[in-house]
Ligand SMILES: Cc1cc2nc3c(=O)[nH]c(=O)nc-3n(C[C@H](O)[C@H](O)[C@H](O)COP(=O)(O)O)c2cc1C
């Protein structure tokens, strides 16, 4: 069975987003965005709001999905501290060796680790030496400038000490342009003697099948932007016929908005009622349950107006970002710019409801 995984996305895949996707469909597992490890951070404890699925005891019983922590660092010795901060039952930590951002590569982490084979090899070897057994996985691109070192980079990885390898089939130079190179992902799955996952450009079942023909030895695929465009994509990839009407998508969007608005990094436990109320929706995901959940969240936001109001602008911006991806699922009417120009969430939803779009 091919694993279909919600990939890490900095600025996107925070706790409310992961919960939202896992309410709509069922990724095999999900990833946090990268947590940046520095000389002094995290100092004592891991930030619980970053990975509440595991770090907040009152959440762990209620959360029904599995989430892995991704970290990023230029210095493998920081993992010695991280290891002590991890809960005993944390099954693995993913190391980011792919981020293309200048801010990241300028400091020697992310994709800049792929510049030389020797540097990459010693970085990974020191990283895994801080764990007993295969407790670390790794996500990489196909190279920094180009793909010329890729096979050597993969060959130097210690398969016995790594839980798995994920390859995003682009170089750092490409950033997100062009297409991911699934031939390279296939090469990795033939060289690396452990589980390999592929990442890049999958937004439908047929695209996944096509990519898996190129790379048949993969254990699974990571879905990132495809989960913003179609949060129901995991049901589709797992073989269900999914038809989401425009009306239902708007309810999903509203729920996303309220979840984001109710989430507060400084007080993650305040979010607990949203998790508790999700129980009935999760067990019975009918249209009525979605409508009821939306109402419950809206009511909770009214009760908690003190901090939800502070979140208003940020959650509106995030809801617009989600819509800018989701709207590509329908006909050209849904591409109208008005909803994205709205100044309030209420205006945005009003504009969206005005659009007469066929599902
Ligand atoms: C907004 C955004 C943020 C991302 N953040 C991360 C990250 O924190 N860690 C990581 O390993 N990859 C990150 N990625 C890369 C994705 O996980 C994925 O490998 C890449 O987008 C290709 O897959 P896709 O075509 O399914 O989006 C990010 C991608 C996007 C679009």
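The values are calculated or read from the model by the stated rules, or taken from the named source; none is laboratory data. Computed from a predicted structure; not experimentally measured. Note that we place each Cβ from the backbone using ideal geometry, even for glycine, and neighbour counts take in every protein chain shown.
Does residue 109 meet the test of being under 28 Å from residue 192 (Cβ atoms), out of contact with any helix residue (DSSP H, G or I) (no Cβ under 8 Å at 6 or more places or on another chain), in the same structural domain as residue 17 (by TED's automatic domain parsing) and modelled with pLDDT under 95?
No; evaluated as a whole, the condition is false for this residue.
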Filter the stretch 47-59 down to the residues that are part of a loop (DSSP other than H, G, I, E, B) and within 16 Å of the ligand (Cβ to nearest atom), then identify the one that is surrounded by the fewest Cβ atoms within 10 Å (Cβ to Cβ). 47
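For residue 153, are the conditions met, namely being over 21 Å from the mean Cα position of the chain (by Cα), more than 13 Å from the ligand (Cβ to nearest atom), touching a residue at least 12 places away in the same chain (Cβ under 8 Å) and not assigned by TED's automatic domain parsing to the domain that holds residue 275? Let's see the steps before the verdict.
Values: over 21 Å from the mean Cα position of the chain (by Cα): yes; more than 13 Å from the ligand (Cβ to nearest atom): yes; touching a residue at least 12 places away in the same chain (Cβ under 8 Å): yes; not assigned by TED's automatic domain parsing to the domain that holds residue 275: yes.
Considered against the rule, which asks whether it is over 21 Å from the mean Cα position of the chain (by Cα), more than 13 Å from the ligand (Cβ to nearest atom), touching a residue at least 12 places away in the same chain (Cβ under 8 Å) and not assigned by TED's automatic domain parsing to the domain that holds residue 275, residue 153 comes out as yes.
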What number of residues in the stretch 60-86 are surrounded by fewer than 20 Cβ atoms within 10 Å (Cβ to Cβ) and touching a residue at least 60 places away in the same chain (Cβ under 8 Å)? 3
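Output the helices (runs of 4 or more DSSP H) that fall wholly within the stretch 105-197 and possess 2 or more residues being under 22 Å from residue 3 (Cα atoms), or say none.
182-191
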Inside the stretch 19-45, can you point out the residues that are away from the ligand (no atom under 16 Å from the Cβ) and either in the same structural domain as residue 266 (by TED's automatic domain parsing) or closer than 30 Å to residue 293 by Cβ (or both)? 19, 22, 23, 24, 26
Does residue 32 meet the test of being part of a loop (DSSP other than H, G, I, E, B) and buried (at least 16 other Cβ atoms within 10 Å of the Cβ)? no
Could you please find all residues in the stretch 158-177 being crowded, with 22+ Cβ neighbours inside 10 Å and under 15 Å from residue 190 (Cβ atoms)? 165, 167, 169
Which residue, of 92, 101, is more than 18 Å from residue 149 (Cβ to Cβ), surrounded by fewer than 18 Cβ atoms within 10 Å (Cβ to Cβ) and touching a strand residue (DSSP E or B) at 6+ places or on another chain (Cβ under 7 Å)? 92
Going through the stretch 169-190 one residue at a time, which ones are within 11 Å of the ligand (Cβ to nearest atom) and more than 12 Å from residue 150 (Cα to Cα)? 174, 175, 176, 179, 180
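Is it the case that some residue within the stretch 96-106 is more than 15 Å from the ligand (Cβ to nearest atom) and at pLDDT below 95?
Within the stretch 96-106, one or more residues are more than 15 Å from the ligand (Cβ to nearest atom) and at pLDDT below 95.
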Against the definition (under 16 Å from residue 100 (Cα atoms) and either touching a helix residue (DSSP H, G or I) at 6+ places or on another chain (Cβ under 6 Å) or buried (at least 22 other Cβ atoms within 10 Å of the Cβ) (or both)), how does residue 211 come out, yes or no? no
So which residues in the stretch 140-152 are under 13 Å from residue 187 (Cβ atoms) and touching a strand residue (DSSP E or B) at 6+ places or on another chain (Cβ under 7 Å), if there are any at all? 140, 142, 143, 147, 149, 150
